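The values are calculated or read from the model by the stated rules, or taken from the named source; none is laboratory data. Since we're looking at a predicted model, the values are computed, not measured. Every residue, glycine among them, receives a Cβ derived from its backbone with ideal geometry; neighbour counts consider all protein chains shown.
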Amino acid sequence: MGIRVAVAGASGYAGGELLRLLAGHPEFELVAATAHRQAGQPVAAVHPQLTGLDLVFGATEAETLADADLVFLALPHGQSAALAAALPDTAMVVDLGADHRLRDADAWTRYYGGAHAGAWTYGLPELPGQRHEIAAARRVASTGCYAVATTLALAPLIAAGAVRPDDVVVVAASGTSGAGRAAKAHLLGSEVMGDLSPYKVGVHQHVPEIKQATGATSLSFTPVLAPMPRGILATVTAVPTGDADPRAVLADAYVDAPFVRLLPEGAWPHTAATAGGNSCHLQATVDTDSGRVVVVSAIDNLGKGAAGQAVQNANLMAGLPETTGLSAYGVAP
């Protein structure tokens with residue numbers, strides 16, 4: 001009998017990816033999945049890729065989840081805190097939403113609105129000392145998708161003093177699944193295909209999270225909607241403080257990180273190579289004209305950016321190797 005796990009908000013894209021990973025996990029036993037409008041429907045009716053998974057969506061209530069040893073919350077921002085508070089104290093909880101990521105209550109109010117629910121242990125194992133913190137925690141706030149792509153590219157450089165924290169520029173393109181599964185006119189195929197469009201320029205909600213995780217003090221962030229279902233490609237630039245080799249800094253930081261891949265010199269990340277996996281691909285150089293350090297990062301926004309990262313955190317909380325049930329390899333073509 002494995003560790004009993006449940007997923008709240010399992011009808012969405014991140015929830016569906018969680019179900020896929022958990023269904024194949026050797027130590028987790030999937031016992032419940034909840035939804036709102038789809039409650040009462042078989043999981044496979046909503047996620048046909050999971051045909052054969054004999055599970056019916058229950059209502060998103062604490063009672064539906066209470067028998068699980070570990071609960072994943074894949075709910076819209078602002079909806080996790082109340083449900084988490086109603087769960088037994090004995091249950092381990094991993095929140096894929098933003099409710100418990102930020103330590104600064106003012107930043108929460110500015111970017112999300114409403115009351116701040118308090119911060120949990122931040123769920124990015126690759127940050128220094130964070131694996132130990134996650135393993136000791138009963139409540140973990142998993143990262144935002146843009147945040148993990150940017151943080152893995154930037155945090156080691158700031159920590160090493162290799163770049164200035166007060167002049168960071170990020171331009172990141174994301175697939176449409178990052179906007180969720182709800183029907184929206186601007187996400188229709190006819191609107192997205194053949195188009196790139198920036199959105200939430202200068203006001204994106206992941207900015208305070210990225211600053212908190214990396215130590216950046218000033219961040220210009222431009223997100224771009226790309227005509228693809230999944231993936232994030234982030235280009236991060238910063239001003240160097242000396243002549244440190246950014247590749248060497250990243251290589252040293254991630255020497256023991258099973259899911260972070262620093263590509264061979266001259267090879268650049270692309271999103272398709274990370275699709276379906278829990279990996280982050282990185283490359284770095286120094287711009288010969290501006291002198292700025294440039295790091296490019298690629299992840300699957302539903303993998304390392306959401307469901308895969310959540311399972312990685314849950315593995316640590318459950319005392320398992322963090323790689324259990326996860327792959328660093330993508331699916332191609």
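Could you tell me whether Gly58 is among the small types (Gly, Ala, Ser), closer than 23 Å to Ile3 by Cα, loosely packed, with under 15 Cβ neighbours inside 10 Å and outside the structural domain of Thr217 (by TED's automatic domain parsing)? It is false that Gly58 is among the small types (Gly, Ala, Ser), closer than 23 Å to Ile3 by Cα, loosely packed, with under 15 Cβ neighbours inside 10 Å and outside the structural domain of Thr217 (by TED's automatic domain parsing).
Segment 82-179 holds helices (runs of 4 or more DSSP H) entirely within its bounds, and those carrying 2 or more residues that are among the β-branched types (Val, Ile, Thr) map to 145-159. Residues of segment 59-78 that are assigned to a loop (DSSP other than H, G, I, E, B) and touching a residue at least 40 places away in the same chain (Cβ under 8 Å): Thr60, Asp67, Ala68, Asp69, Ala74, Leu75, Pro76, His77.
Would you confirm whether or not segment 303-323 contains a residue that is of a type in the set (D, E, K, R), within 20 Å of Asp69 (Cβ to Cβ) and touching a residue at least 60 places away in the same chain (Cβ under 8 Å)? Looking through segment 303-323, at least one residue is of a type in the set (D, E, K, R), within 20 Å of Asp69 (Cβ to Cβ) and touching a residue at least 60 places away in the same chain (Cβ under 8 Å).
Filtering Leu65, Leu18, Leu87 for residues that are at pLDDT 95 or above, closer than 26 Å to Tyr111 by Cβ and surrounded by 24 or more Cβ atoms within 10 Å (Cβ to Cβ) leaves a single hit, Leu18. Restricting segment 263-297 to residues that are surrounded by 19 or more Cβ atoms within 10 Å (Cβ to Cβ) and over 19 Å from the mean Cα position of the chain (by Cα) leaves a set whose member that is farthest from Ala328 (Cα to Cα) is Val293.
Remark: pairs (first residue in segment 278-294, touching a residue at least 12 places away in the same chain (Cβ under 8 Å); second residue assigned to a loop (DSSP other than H, G, I, E, B) and polar (S, T, N, Q); Cβ separation under 9 Å; 6+ apart in sequence or on different chains) = Asn278/Thr323; Asn278/Ser327; Ser279/Ser327. Residue count for segment 106-163 under the criterion of being touching a residue at least 24 places away in the same chain (Cβ under 8 Å) and within 26 Å of Arg247 (Cα to Cα): the result is 29.
Applying the condition of being closer than 17 Å to Gly97 by Cβ and among the polar types (S, T, N, Q) to segment 110-162 and asking which residue is surrounded by the most Cβ atoms within 10 Å (Cβ to Cβ) yields Ser142.
Yes or no: Val255 free of Cβ contacts under 8 Å to residues at least 24 places away in the same chain, under 27 Å from Gly277 (Cβ atoms) and of a type in the set (A, V, I, L, M)? Judged against the criteria, Val255 is a match.
Against the definition (surrounded by 15 or more Cβ atoms within 10 Å (Cβ to Cβ), closer than 24 Å to Gly161 by Cβ and touching a residue at least 40 places away in the same chain (Cβ under 8 Å)), how does Pro223 come out, yes or no? Considered against the rule, which asks whether it is surrounded by 15 or more Cβ atoms within 10 Å (Cβ to Cβ), closer than 24 Å to Gly161 by Cβ and touching a residue at least 40 places away in the same chain (Cβ under 8 Å), Pro223 comes out as no. The set of residues in segment 28-58 being free of Cβ contacts under 8 Å to residues at least 24 places away in the same chain, among the β-branched types (Val, Ile, Thr) and under 26 Å from Ala91 (Cα atoms) consists of Val56 alone.
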